[in-house]
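A short write-up of the structure that comes next.
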Amino acid sequence: MFRVPISVAIILLIAFGGATASAVYAMRATIGFGSINLGAWRAWPLAQTEAADPYAKAHRARTGKLLLGDAEGLAFFAERDSDGNRLITNCRYTIVGQTPPARFWTLHATDTDDVLLEVNPQFPSAYHSHHVQKDQTGEFEVRVSSRPQPGNWLAIGQDFKPFKLVLTLFDTPTTGSSRLIDLEMPEIFGAGCPDG
């Protein structure tokens, strides 16, 4: 007598639970559709515009972050080096090259939940275009490591965990342009790990 209603209740519970779990996973897994990949870097140029897809809008609402407007700038994220290896805090990396044209840019590291990595306040945990040392051609080299390095050094903390690099271009003429796919981004090279 109660077998059919109980079966229906279980099926509905599985359906709604599975749908909710898959929606939450999709919002955490991606900022949305329409990403572009430039070497190791990835950006979502439409995520902060009216043309954003529903996943991008839901991701924006869930995180509660204010994103840059289409004319204000664009954030690029790197979770892997230029060889495709996952970025891990106990390894060393070197970022080499130039950024696309921009009035100002910033570079910092976060964990996989977009929270800034905890580092000693005396260590440099971010760089910007007016602070980084460059050569005569405008290229820079930033060493990313948990231990001090010569030159431009970006500290990433001591914990063993994956992390992301975030390069934000402000007031760049390429934002929202079809020329984005032609941009040249800095390379990220692995420089060794303690056990590797």
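Can you tell me which residue is surrounded by the most Cβ atoms within 10 Å (Cβ to Cβ) among those in region 86-142 that are among the β-branched types (Val, Ile, Thr) and in a loop (DSSP other than H, G, I, E, B)?
THR99
Kindly provide the set of residues from region 35-94 that are more than 19 Å from ASP114 (Cα to Cα), among the charged types (D, E, K, R) and at pLDDT below 85, ordered by number.
Of everything in region 35-94, those that are more than 19 Å from ASP114 (Cα to Cα), among the charged types (D, E, K, R) and at pLDDT below 85 turn out to be GLU50, ASP53, ASP70, GLU72.
The values are calculated or read from the model by the stated rules, or taken from the named source; none is laboratory data. Being a predicted model, the structure only gives us computed values, none of them experimental. Heads up, the Cβs are rebuilt from the backbone with ideal geometry, glycines too, and the neighbour counts pull from every protein chain shown.
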